[in-house]
Amino acid sequence: MQNKEVYDELVAKFEKMYGAKPEIVAYAPGRIEVLGNHTDYNEGYVFSAAIDKGTFFAVSASADTSCELTAGDFMETAKFDIASVAPAKEMTWQNYVTGTFNWLFDGEPAKAGKGWKGMFLGNIPLGAGLSSSAALEMCTALALAKLYGIEKDRTTLAKIGQKAEHTFAGCPCGLLDQASSMYGKAGALVKSDFRSNTFETVDMGPGVAFMMVKSNAKHALVDGAYASRRQACEDAARYFAGVLRKPVTHLRDVTMAEWVLYRGGLSETTAKRAVHPIGEDERVLQGAALLEKGDLKAFGALMYDSHESSRNWFENSCEELDAIVDAAKAIPEVYGARLSGGGFGGSCCLLVDPAAAEKIAAQITKEYKAKFGDEPVCSVISPSDGAHLV
Ligand code: GLA
């Protein structure tokens, strides 16, 4: 079992707190975003992977309508009744779980009839842009669905987690994080199409790995930056729907050539925002063809292009992430590097030759430290299986 030490700790803490072993335990991994940035809510394409770190959720039914939820790392407990599930302003970590519970019952959790006692514990570093919150939603969704005998497919459960983010956590995210956690496969990338919501896996082959480099820059998607980027994309899609003689509902429908011809009608800022997901969609499709041919160097070059687009057009990078990517470019065993996830801090994702991992980490750490004084955290990531019951 992956992350067995976390599972063992959770089960022991659960038993101590609630007096018996949990009836059900589910696990869900975090994710890395490899190519295709801010394309999910524009109904575009993404390459991502589930990672080898994740979160476990352990749960048992309670005898009445009361619920207890404990964060297993700092052992804080929230108590509520199935009839009073609502977004919390304090101990806001509970919102990912209560939001998921709420939408599992279509917004009427009182219909659950009985409450539950739950506890979660994971090992995904927080604030790293590795989607610890989506992992928590997905293990909650699997465990509670099992507890209540609810049968829903993985995409529906992913959407329930996304709805929890929107309404309980206040982040208007796309479906990428939840879908990657659900559909990950060991040794493979997940290629998502967020128009049809189809999720394929593509084997990576040997001789290549990912390294995540966590900057120490702030990463907070709940503040306004993510929402304002999403808004600009939606404004641009509405504009293109008006000027192009074809149906446009999202930026997925707009080509780079059309952006070049018609961008003049948009404000400078909105035009800059719009070109990012448009270019990213093209890069993911090119990347898919390159992966089929096994051309990892060319795939890596697209990752560098993706970062340039973030840096210059979408402006969701920052000095620390730029410094990591610039340092990576000088190392021949790094094939590509880019920011991963929402941006504005968090981590960069590097495509690397695993044999050179130590050298790469040392070189990047040295350069980062010389600039910012502190050290980034470098870890080699193996694409792993998606969420499952334990
Ligand atoms: C965050 C969001 C995702 C996606 C990425 C950017 O991770 O939660 O839905 O939009 O940013 O690609």
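Computed values, structure above
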quantity: Per-residue [θ]222 nm for the chain (sum of -39500 (n - 2.57) over DSSP H runs n ≥ 4, rounded to 500); calculated: -13000 deg cm²/dmol
quantity: Where the range 4-203 is the region considered: accessible area per residue in Å², 1.4 Å probe; calculated: 36
quantity: Candidate residues GLU108, GLU258: accessible-area rank, largest first, probe 1.4 Å; calculated: GLU108, GLU258
quantity: Reference-scaled alpha-carbon Rg (2.2 N^0.38 Å with N residues) for the range 276-390; calculated: 1.10
quantity: Counting DSSP beta bridges with both ends in the range 4-203, the antiparallel % (nearest 5); calculated: 90
quantity: Contact order normalised by residue count of the chain, Cα under 8 Å, 6+ apart, percent; calculated: 23
quantity: Percentage of interatomic Cα-Cα distances in the range 4-203 larger than 30 Å; calculated: 16
quantity: For the chain, fraction of C-alpha pairs farther apart than 36 Å, in %; calculated: 24
quantity: Sequence-separation-based contact order of the range 1-106, relative, with Cα cut under 8 Å and 6+ spacing, percent; calculated: 20
quantity: Those lysines that a straight Cα-Cα span of less than 19 Å connects to LYS89, excepting residues fewer than 8 apart in one chain; calculated: LYS79, LYS163
quantity: Restraint check, LYS293/LYS371; LYS214/LYS297; LYS21/LYS191, Cα-Cα greater than 30 Å; calculated: LYS293/LYS371; LYS21/LYS191
quantity: Convex hull volume of the range 143-234 per residue (C-alpha atoms, cubic angstrom); calculated: 156
quantity: Solvent-accessible area of LEU126 with every protein chain in place, 1.4 Å probe, in Å² to the nearest 10; calculated: 130
quantity: Scattering profile of the range 1-119 at q = 0.13 Å⁻¹ [log10 I(q)/I(0), Debye over alpha-carbon scatterers]; calculated: -0.63
quantity: Residue among GLY264, GLY170, GLY30 with the largest mean-square fluctuation in a Gaussian network model of the chain, springs linking Cα atoms under 10 Å; calculated: GLY264
quantity: More than 21 angstrom apart: percent of Cα pairs within the range 226-317; calculated: 34
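The values are calculated or read from the model by the stated rules, or taken from the named source; none is laboratory data. It should be emphasised that the depicted structure is a prediction, and the values quoted were computed from it without experimental measurement. Side chains are part of the model used for accessible areas, which takes the heavy atoms of the whole protein and leaves out ligands, DNA and RNA. Shrake-Rupley method; radii C 1.70, N 1.55, O 1.52, S 1.80 Å.
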